[in-house]
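What follows is a short report on a single structure.
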Amino acid sequence: MSTHRSAARRSPAGYRTSLPWRIITGAAAYIDRRFGWDRLPVVAGLLTLLGLRVRLRQKNLYDTGRLPAINQPEPAPPSASHQVNRTADGSHNDLGEPRMGMAGTRFGRNIPLEAIVPASPEDVLARPNPREVSRALLTRDQLVPAESVNSLVAAWLQFMVRDWFSHGTSPRTGPGKFP
């Protein structure tokens, strides 16, 4: 497919919005609201997740590849291998957009690019410089061994984070009470 035709079917957010995709994403959203993708048979649930993923990319992910950039990495030329294998640098994860998700590229944004206010030197978020703060706090000069924990801690933390950050879904099921 030519790049011109592909670009014509993409939304400002950077993902397909042709009539078939709008039908699929609308049906997926309806099915998920009505039944829940996790309660469907495996194939139907996976198709619903596909539709929800496409809808999220249509509505919530804005392509930062249109912004000016320096030293932007060049992905390898497409090959048959990219259709079945992942690459070490993350290129060709989306065959239509080989740079998306590639090492050395910008992350997608969740707000329209035209709504982003460029940072200025007098911006309060630029003082102190976040990079300097990060380096001062997080740079290690030597390995600090974790002698009192083992590899199960990582699994336990992943399990517990949900409980630590879940404070109930409504005032009736467990409100967060703060002084």
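Values quoted throughout were computed directly from the atomic coordinates according to the rules given, and no laboratory measurement underlies them. Worth saying up front: this structure is predicted, and the values here are computed from it rather than measured. All Cβ positions, even for glycine, are placed from backbone atoms using ideal geometry, and neighbour counts span all protein chains on display.
Observations on the structure shown:
- Here, P(r) means the percent of Cα pairs in each 5 Å bin from 0 to the largest distance; for segment 3-114 it is 2, 11, 17, 18, 20, 16, 10, 4, 1, 0.
- The protection proxy used here, the mean number of other Cβ atoms lying within 10 Å of each residue, ranks peptides 46-54, 110-118 as follows, highest first: 46-54, 110-118.
- Amide proton proximity set for Leu61, modelled H, under 5 Å, gap of 5+: none
- Packing-based exposure ordering (other Cβ within 10 Å, fewest first) of His92, His82: His82, His92
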